[in-house]
Amino acid sequence: MDGDYVIGGVFSIHYFMQTVNHNYTTMPEPVRCSGRSLRFSRAMVFAIEEINNSTELLPGIRLGYQIFDSCSSVPVAVHVAFQLLNSLDTVFYTGGNCLQSGMVMTIVGESGSTPSISMSRILGSFNIPQVSHYATCACLSDKQQYPNFFRTIPSDHFQAEALAKLVKHFGWTWIGAVRSDSDYGNSGMASFLEAAQKEGICVEYSKTFLNVLHSFLRSTAVVIVAFAAPGDMRVLLEELSHEPFLPRQWIGSEAWVTNTELMRYSFCAGAIGFGIQKSVIPGFRDFLLNLSPSQVATSPLLTEFWEESFNCKMKKSEKILLIFRNCCPVVDKKICDGTEDIQNLQIPYTDTSQLRITNMVYKAVYAIAHAIHNTVCQRTNGIAKCDKLTKLESKQVTELKKVNFSRNGYGVSFNANGDPVAIYELVNWQKSETGKTELVTVGLYDASLPEGHDFQINRNITWMEDGTQVPVSVCSASCPPGTRKVLQKGKPICCYDCILCPEGETSNTTDSTDCIPCHKEFWPNAKRDTCIPKPVEFLSFQDILGIILAAFSVLGACLAIMTGAVFFHNRKTPIVRANNSELSFLLLISLTLCFLCSLTFIGAPSEWSCMLRHTAFGITFVLCISCVLGKTIVVLMAFKATLPGSNVMKWFGPPQQRITVVSFTFIQVLICTIWLVLSPPFPIKNLTAYKEKIILECDLGSAVGFWAVLSYIGLLAAFCFVLAVLARKLPDNFNEAKFITFSMLIFCAVWITFIPAYVSSPGKFTVVVEIFAILASSFGLIMCIFAPKCFIILFKPEKNTKKYVMNKNVS
């Protein structure tokens, strides 16, 4: 149809071109095409007629059109592009009112990405805009290569991201990928694989639809993402329908997942994918059905459609018959008599319940009309006036970039790349009660919304095999908290083994790649999914061991006190008087303190208890050993005093004994004071003795101070032991030196074994060893020195006489 401005249209009206063998000896036959889809071309005609009848858009301007069939073929599309550029004379069937066509201003089409790329490279050289309704290849957004290309359908870049988010949303990390071997399939799949990699999704295989069968049958991936054209999917699904295979969850790209003809493959029920929004075009169904036999007879395309729909043959002129034969061979059929009613047909042409891509054609025509309107029309006093003589030249490209309007509730605009706002419906193949597979909208994806709000699911989804549970498609099961992922050698990152976190480390998330060490005062629980505070350990009064040691400490102190009471009650008896009663009582007091000082080692360490326990231990033991040493010296000096002319005892009387004890003790007090002033003991949390618990203990502060205290005690004990050995054979009937020798022998043995045991004992057992040494040496002293005397005082009073003590011959 001619007009003031002519819009070109290129559609895959026939979508399959028959193969022609060229022998290069005869002229090639005309291109023969089969398959047919009239809706896109009819939508363009409908939109142009609406615009021509509008008083708001292009008033007084009449749009014309030239519509060509590309047969979904690149060679044919290129040929058509040159035809449009050359403005060839075209026959218009408009009831005999034929006019010479004007130059094509803008072109709507093509339906496929590869033909659109070929056309755009040609049209771009002449600065003619191309607005596609169905070419979705992301590569066409490159304005350096395709500066004049626009489209009303979103780029596959957005669909690829939406598909990746969909796969991620349902937890599928192990998928198969199928694509068409075309610009649409290869570019779309490349965009999807890139987006999938960012989402942490692994692809078991990525094949073209012709090479996928072997991989498909052997794969373990349950989910298959198919970025393919409807024709290619038809070939693949037809082949799969003859092969036994495990059920698969299909994820479809827009091109095939909304194609109702493919729903006859029942094993694909449950497929989901993104489709262009379903829309309504008021009056379009009536336009499609308003076909009279006279209109059909003037168009070879409508004639072909009519004859195939009603299985009859119309009478044609020879010229029309010649054109028709270029499309398909003539088959003898009954004559169409004009009584056929298209409204009774149940065919895709008459079904307007799923208008998706058709609306993209409708919007493309209106976008072009608005661009022309903005160029040739001006509004004066609220009335638009248009000049049909205005030459557009290259203005239509600039104006198309500015287009922004709404039609039937759907906005139309283009971004800097010539792409519209990406809005998709999430569709699902669901079986109805009658068993027929239907296309159901279950969600929405709007790329213009912020991250996290762009993807919505608002209806239940039916999965493969009519399942209601989301299928699982992973290479390896998720690693639970407490474990970490270790990649399997030579396999993708989604294939891994789950390894328990090492000792001292946890992971509190699923599929953690690393385990996090706990803080030094925390330790993992049994599942190693959280850190809990380490139990604090110290020798307490609630421990059985602490109770036993405390009981022995109190028992020893009570024993020393009772011994003192026995001695005090019998202080005038020869046994008590003969063994230096003053030093004996002082020794008993020091032993009582030795027993009691062991209690300071029990309980949680504090600053005061740490300083008290070591200094009290050192001072009381030196006091104790000083008393024993004093008693030993008294025994030796007493023997010397019995020799003729000896005057020794006046130099070691009671005053000298007291001075000796005080002097020896003062030295220890001085050592302890220096230790406390320079570097005193302090409480610490020992985190190294045990990994899983904290030991509360006292740090020595200065190890030199501690070992100086022990060394001084050891020096006195050794000196006392030597003197006791020398005095053990003195000819006294009751020789105390023998008992002192035994007590010092026990004392030295205990503390010699204490040193390695103390160094090697872990945790609270270090304190136990120290307490045990204190109690053992204290019990050794009291039992060896005082037990024999108490036995005589209490049970052998007849021996507690001066005569018996002085009788040296009595054994």
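The values are calculated or read from the model by the stated rules, or taken from the named source; none is laboratory data. Just so you know, these numbers come straight off a predicted model, no measurement behind them. FYI the Cβ positions are ideal-geometry reconstructions off the backbone, even for glycines, and counts take in every protein chain you see.
Residue-by-condition table, conditions (1) without any contact (Cβ under 8 Å) to a residue 40 or more places away in the chain; (2) under 21 Å from Phe455 (Cα atoms):
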| residue | (1), (2) |
| --- | --- |
| Gly176 | no, no |
| Tyr184 | no, no |
| Leu193 | yes, yes |
| Gln197 | yes, yes |
| Val203 | no, no |
| Ser215 | yes, no |
| Arg218 | yes, no |
Go through region 204-314 and tell me which helices (runs of 4 or more DSSP H), entirely inside it, have 1 or more residues that are under 22 Å from Asp156 (Cβ atoms) and aliphatic (A, V, I, L, M). 230-240, 254-257
What do you reckon, is Thr441 in the same structural domain as Gly200 (by TED's automatic domain parsing) and surrounded by fewer than 19 Cβ atoms within 10 Å (Cβ to Cβ)? yes
Is at least one residue of region 395-418 part of a loop (DSSP other than H, G, I, E, B), touching a residue at least 40 places away in the same chain (Cβ under 8 Å) and out of contact with any helix residue (DSSP H, G or I) (no Cβ under 9 Å at 6 or more places or on another chain)? no
Hey, among Ser609, Ser540, Ser626, which residue is among the hydroxyl-bearing types (Ser, Thr, Tyr) and either under 30 Å from Lys799 (Cβ atoms) or in contact with a Lys or Arg (Cβ under 6 Å, 6 or more places away or on another chain) (or both)? Ser626
Do you know which residues across region 783-796 are closer than 19 Å to Thr573 by Cβ and either among the aliphatic types (A, V, I, L, M) or not in a helix (DSSP H, G or I) (or both)? Ile785, Phe786, Ala787, Ile792, Ile793, Leu794, Lys796
Which of the residues spanning region 416-473 are charged (D, E, K, R) and farther than 14 Å from His169 by Cβ? Asp419, Glu425, Lys431, Glu433, Lys436, Glu438, Asp446, Arg459, Glu465, Asp466
Quick one: Gln346 ticks every box in (1) assigned by TED's automatic domain parsing to the domain that holds Tyr134; (2) polar (S, T, N, Q); (3) assigned to a loop (DSSP other than H, G, I, E, B) bar one, so which box is it? (1)
For Leu539, indicate whether it is buried (at least 16 other Cβ atoms within 10 Å of the Cβ), of a type in the set (A, V, I, L, M) and in a helix (DSSP H, G or I). no
State yes or no: is Leu559 among the aliphatic types (A, V, I, L, M), in the same structural domain as Ser606 (by TED's automatic domain parsing), buried (at least 18 other Cβ atoms within 10 Å of the Cβ) and modelled with pLDDT of 90 or more? yes
Verdict on Ile323 being part of a loop (DSSP other than H, G, I, E, B) and either of a type in the set (A, V, I, L, M, F, W, C) or at pLDDT below 80 (or both): no
Which numbered condition Leu696 misses (of (1) closer than 30 Å to Pro574 by Cβ; (2) at pLDDT 80 or above): (1)
Output the qualifying pairs, or none if there are none: Cβ atoms under 9 angstrom, residues six or more apart or on different chains, first residue in region 750-766 and within 23 Å of Gly780 (Cα to Cα) and touching a residue at least 12 places away in the same chain (Cβ under 8 Å), second residue in a helix (DSSP H, G or I) and among the charged types (D, E, K, R). Phe754/Glu770; Tyr758/Glu770
